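The values are calculated or read from the model by the stated rules, or taken from the named source; none is laboratory data. Computed from a predicted model, the values in this text were never measured in an experiment. Because the Cβ atoms are built from the backbone with ideal geometry, glycine has one as well, and the counts that use them run over all protein chains shown.
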Amino acid sequence: MSHSTWSTGLCGCCEDPGVCLRTCFFPCVTFGQNAEAIDKTSCACARLLFCALCFLGVPCLYSFTYRIKLRGNYLLPGETCGDCCIHCWCLHCALCQEYREIKNRGLDPSRGVAMAPPAVAQGMPR
């Protein structure tokens with residue numbers, strides 16, 4: 001089983017400033033969109049649970065499980081313990097990275113649908 005690599009780095013938030021800004025102020029929105037794209041979880045339900053856990057101060061205990069699922073879906077490198085640590089200490093960066101990864105893999109997390117594949121230049125016909 002070969003692993004692919006993350007398409008952007010954990011600290012690459014400036015690659016999508018709109019998502020970065022939204023996640024800074026409303027992380028539950030980005031999380032809900034990610035959850036829906038990763039495993040078809042209801043965006044609204046994911047947001048509500050995430051918000052409830054924010055009030056308890058532990059949203060990372062729920063959100064990191066979606067990073068594990070995302071890594072499994074795309075065979076991305078990482079480990080469960082590392083996923084938990086990233087979500088505990090860099091939650092906003094992790095949510096943004098996961099959003100970008102989903103988007104770069106052909107899904108639009110803001111809509112929960114597949115995007116058109118990128119145009120590929122055709123070679124010379126034979």
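Taken together, 68, 102 contain a single residue that is at pLDDT 95 or above, in a helix (DSSP H, G or I) and under 23 Å from residue 14 (Cβ atoms), which is 102.
Just wondering, is there one or more residues in the range 60-68 that are in contact (Cβ under 8 Å) with a residue 40 or more places away in the chain and out of contact with any helix residue (DSSP H, G or I) (no Cβ under 6 Å at 6 or more places or on another chain)?
no
Considering only residues in the range 42-88 that are of a type in the set (D, E, K, R) and under 15 Å from the mean Cα position of the chain (by Cα), the one that is surrounded by the fewest Cβ atoms within 10 Å (Cβ to Cβ) turns out to be 69.
Filtering the range 6-40 to residues that are touching a residue at least 24 places away in the same chain (Cβ under 8 Å) and in contact with a Phe, Trp or Tyr (Cβ under 8 Å, 6 or more places away or on another chain) leaves 16, 19, 23, 27, 28, 30, 31, 33, 34, 35, 38, 39. Condition check for residue 8 on (1) in a helix (DSSP H, G or I); (2) closer than 15 Å to residue 103 by Cα: one failure, at (1).
Just checking, which of 14, 51, 45 is assigned to a helix (DSSP H, G or I), under 13 Å from residue 92 (Cα atoms) and either in contact with a Ser or Thr (Cβ under 6 Å, 6 or more places away or on another chain) or not basic (Lys, Arg) (or both)?
On the way: 51 fails: under 13 Å from residue 92 (Cα atoms); 45 fails: under 13 Å from residue 92 (Cα atoms).
None of the others qualify; the one that does is 14.
Filtering the range 24-40 to residues that are over 11 Å from the mean Cα position of the chain (by Cα) and over 14 Å from residue 107 (Cβ atoms) leaves 24, 25, 26, 27, 28, 29.
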